[in-house]
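The values are calculated or read from the model by the stated rules, or taken from the named source; none is laboratory data. On a predicted model such as this, the values are computed, not experimentally measured, just so you know. Cβ placement follows ideal geometry from the backbone for every residue including glycine, while neighbour counts extend to all protein chains displayed. For accessibility, only protein heavy atoms count, side chains too; no ligands or nucleic acids. Shrake-Rupley method; radii C 1.70, N 1.55, O 1.52, S 1.80 Å.
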Amino acid sequence: MSSALPKDLHDLLTSLNGKGYKSYKTLQGQSFPFPPFTVRFEHVQGDPFAAPSRLSVTTDLATAGFSSTLHDTPVKKLALEDHLLRTVDKKVAKLKGQVRGSGRSGEVAVQSPSQKVILRSGIKIKNGSMTLILFAGLPGDGRSVLAKECVRLFAEILPPVWNESLLADSLDLTQVQNSIETLEDYFALREALHQKGWAAFVADGAILPRASGISDLPLEKNCTPFLSPEDLREEVHLPNRGKVSGMPVAKGITLIVGGGFHGKSTLLNAIQNAVYPHVSGDGREKIATHPTAVKIRAEDGRATQPIDISGFMDNLPLVASTENFSTLSASGSTSQAINIMEAIEAESSLLLMDEDTCATNFMIRDARMQALISNDREPITPLVDRIEELYKDFDVSTLLVMGGSGDYFDSADRVIAMNSFQPQLVTDKAKQIVKENPTARKSETRVPFPSVKKRSRDLSPLSFKRGRKECAIQTHGLITLTLGQTEIDVRYVEHLIEEGQLELCGWILKQVKDRQKQAATRTLSQVASEILKEIETGELDSITPYNNGKLSLPRFQDILAVLNRLR
């Protein structure tokens, strides 16, 4: 027996040997000292094939060797939490197959972070204390306790996880400081966006391409670092990295153009992802985007509750009015109109679009098509005829990847051409083309764009009950959120990047429903905003029954995007 294993835990485990697996339940709620840590069995699985048991591992930060200067601001605290969780995650990834047993015996895990730095419940720093949620499969032989293997798990395998990941003496504090400085610089860059009137900023030297279509890791070979065009280049001063040069994307209408495979979508994706800060070494650390930005795309088949899309659609066949439009299965163009209206309703000030995922007939109707199908027979007012209005009247900017139509040159404030993954400012050339080749198409705007109203909706019919469970909230990747027996398809809510965000969206919707009776005079978006602020200033798990160690903080825009897809 290792001296690290408390005698009372050793004796208890030994007494359970060979007994029914459910006898492990005697551990639930008990705490044991593993100095300087305290390990508590928060939930004990009832079967070796069930999800592993949930443990909390707690220590005092000062005792663990962490100076208060490493966590005395909200940004530092977030950076330290993120760094420590990544360190533990890498440690437990090497522990597979070290314990004998049935099912998930010996499986060890923590919340696995993405490349983004966001608030998570897998590790929490509060009042000078640090708590890690760790999952461990208690060893069993069929339905019997394997005490010897469980003793080994807690004596030899788990202690190094926390001792080598959560104690300052075991860490490279230079890397910890680098994580803090990287996050501080990101938020300083985001503040610079506000001060300078920019929608986004991409620093020189950034690595934009990813390793593959299914990996968010940076491409390591044959990758050209980003270099801003001289006639667009600006400098910002960051608190830790000092002067940083790069390409700002000013508010207004920006086109990204260029030939196929030259990096248009890669640049847009980097800007899209930079609504979140990135971990040091990701390549996108010094890219920042307005935090309310929303990716807009066509979404065939999505449902919508009544919404005013008359700014884009009018006189639809068999539809009485598009001012109060609803459907269970929207077309590509209709769904894109809905997504824009919902983004504006969710207070987004930046719309991101890639023509590859947009509905062509929503984006543009050229002169020849106008000549063939007259305006009075076409219910769609294309975006090209509304894009200026959205900015001038609603302060909503648009960043658009467009490789197939020059009709957007007229409205564009700036045009950036990508050539072999490097940007060039070609606004003057595009405007000269407009003068020399005026478009023959006519604007199809018939009435001013309507004001955007925040909607209310009765959530009382929504039941979170499933079987014996009064509240069942379940995620299936980033594809589906299940509330009770109701499924919400979220696969096209592209800013959701961790399942923990989607799960927390479910709990927020539960709170929105519960508070709706007391908030009869407020819209659902106002109630959701109130709940999100409570979470941000309090605890991530403040609206859940307990901390399951798997939650991540979503954005306000994405909470509403999930709510709006509720059929």
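Which residues, taken from region 42-63, are over 23 Å from residue 142 (Cβ atoms) and out of contact with any strand residue (DSSP E or B) (no Cβ under 7 Å at 6 or more places or on another chain)?
Of the residues in region 42-63, the ones over 23 Å from residue 142 (Cβ atoms) are 42, 55-63.
Within region 42-63, 62, 63 qualify.
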Checklist entry - Are any residues in region 515-558 part of a helix (DSSP H, G or I), within 29 Å of residue 113 (Cα to Cα) and touching a Lys or Arg at 6+ places or on another chain (Cβ under 7 Å), and if so, which ones? => result 525, 527
Next on the checklist: Out of the strands (runs of 3 or more DSSP E) lying entirely within region 257-319, which hold 3 or more residues that are crowded, with 21+ Cβ neighbours inside 10 Å?
Outcome noted: 287-289, 294-296
Next on the checklist: Taking the criterion of being of a type outside the set (A, V, I, L, M), part of a strand (DSSP E or B) and open to solvent by 30 Å² or more (accessible area, probe 1.4 Å), would at least one residue in region 191-204 satisfy it?
Outcome noted: no
Checklist entry - In region 1-40, how many residues are of a type outside the set (S, T, N, Q), assigned to a loop (DSSP other than H, G, I, E, B) and without any contact (Cβ under 8 Å) to a residue 24 or more places away in the chain? => result 2
Checklist entry - Name the residues in region 526-546 that are at pLDDT below 90 and either surrounded by 18 or more Cβ atoms within 10 Å (Cβ to Cβ) or of a type in the set (Ser, Thr, Tyr) (or both), would you? => result 537
Next on the checklist: When you scan region 464-478, do you find a residue that is in a loop (DSSP other than H, G, I, E, B), closer than 30 Å to residue 222 by Cβ and open to solvent by 60 Å² or more (accessible area, probe 1.4 Å), even just one?
Outcome noted: no
Checklist entry - Taking into account only those residues within region 451-462 that are among the hydroxyl-bearing types (Ser, Thr, Tyr) and either under 15 Å from the mean Cα position of the chain (by Cα) or loosely packed, with under 15 Cβ neighbours inside 10 Å (or both), which is modelled with the lowest pLDDT? => result 460
Checklist entry - Which pairs do you get when a residue that is surrounded by 14 or more Cβ atoms within 10 Å (Cβ to Cβ), found in region 360-376, comes within reach of a residue that is part of a helix (DSSP H, G or I) and aliphatic (A, V, I, L, M), reach meaning Cβ atoms under 7 angstrom, with the pair 6+ apart or on two chains? => result 362/337; 362/383; 363/383; 363/384; 364/384
Checklist entry - Where residues in region 211-245 are closer than 14 Å to residue 416 by Cα and not acidic (Asp, Glu), which of them is surrounded by the most Cβ atoms within 10 Å (Cβ to Cβ)? => result 226
Checklist entry - So which of 500, 484, 549 is of a type in the set (Gly, Ala, Ser), without any contact (Cβ under 8 Å) to a residue 40 or more places away in the chain and crowded, with 17+ Cβ neighbours inside 10 Å? => result 484
Checklist entry - So residue 13 fits all but one of (1) surrounded by fewer than 15 Cβ atoms within 10 Å (Cβ to Cβ); (2) hydrophobic (A, V, I, L, M, F, W, C); (3) in contact with a Cys (Cβ under 7 Å, 6 or more places away or on another chain); what number is the exception? => result (1)
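Only one of these is more than 22 Å from residue 75 (Cα to Cα) and among the polar types (S, T, N, Q): 144, 112, 129. Name it.
144
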Next on the checklist: Considering only region 416-426, I want to know if a residue exists there that is on the phi > 0 side of the Ramachandran plot and touching a helix residue (DSSP H, G or I) at 6+ places or on another chain (Cβ under 9 Å).
Outcome noted: yes
Checklist entry - Does region 192-209 contain any residue that is within 20 Å of the chain's Cα centre (by Cα) and among the charged types (D, E, K, R)? => result no
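Could you tell me how many of the residues in region 21-66 are of a type in the set (A, V, I, L, M) and open to solvent by 10 Å² or more (accessible area, probe 1.4 Å)? Working first, answer last.
Within region 21-66, the first condition is being of a type in the set (A, V, I, L, M), and the residues that meet it are 27, 39, 44, 50-51, 55, 57, 61-62, 64.
Next, only the ones that are open to solvent by 10 Å² or more (accessible area, probe 1.4 Å) stay: 50-51, 62.
Count: 3.
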Checklist outcome for this item: Going through (1) in contact (Cβ under 8 Å) with a residue 24 or more places away in the chain; (2) crowded, with 16+ Cβ neighbours inside 10 Å one by one, residue 523 fails only at (2)
Checklist entry - Right, residue 39: in contact with a strand residue (DSSP E or B) (Cβ under 9 Å, 6 or more places away or on another chain) and closer than 15 Å to residue 161 by Cα or not? => result yes
Checklist entry - Here are some conditions: (1) within 25 Å of residue 20 (Cβ to Cβ); (2) open to solvent by 10 Å² or more (accessible area, probe 1.4 Å); (3) out of contact with any helix residue (DSSP H, G or I) (no Cβ under 6 Å at 6 or more places or on another chain). Residue 151 meets all but one. Which one does it not meet? => result (3)
Checklist entry - Taking residue 385 and the conditions (1) of a type in the set (Asp, Glu); (2) on the phi < 0 side of the Ramachandran plot; (3) open to solvent by 40 Å² or more (accessible area, probe 1.4 Å), which numbered condition does it fall short on, given that it satisfies the others? => result (3)
Checklist outcome for this item: Here the residues within region 73-128 that are within 19 Å of residue 539 (Cα to Cα), within 23 Å of the chain's Cα centre (by Cα), basic (Lys, Arg) and open to solvent by 20 Å² or more (accessible area, probe 1.4 Å) are 76, 77, 124
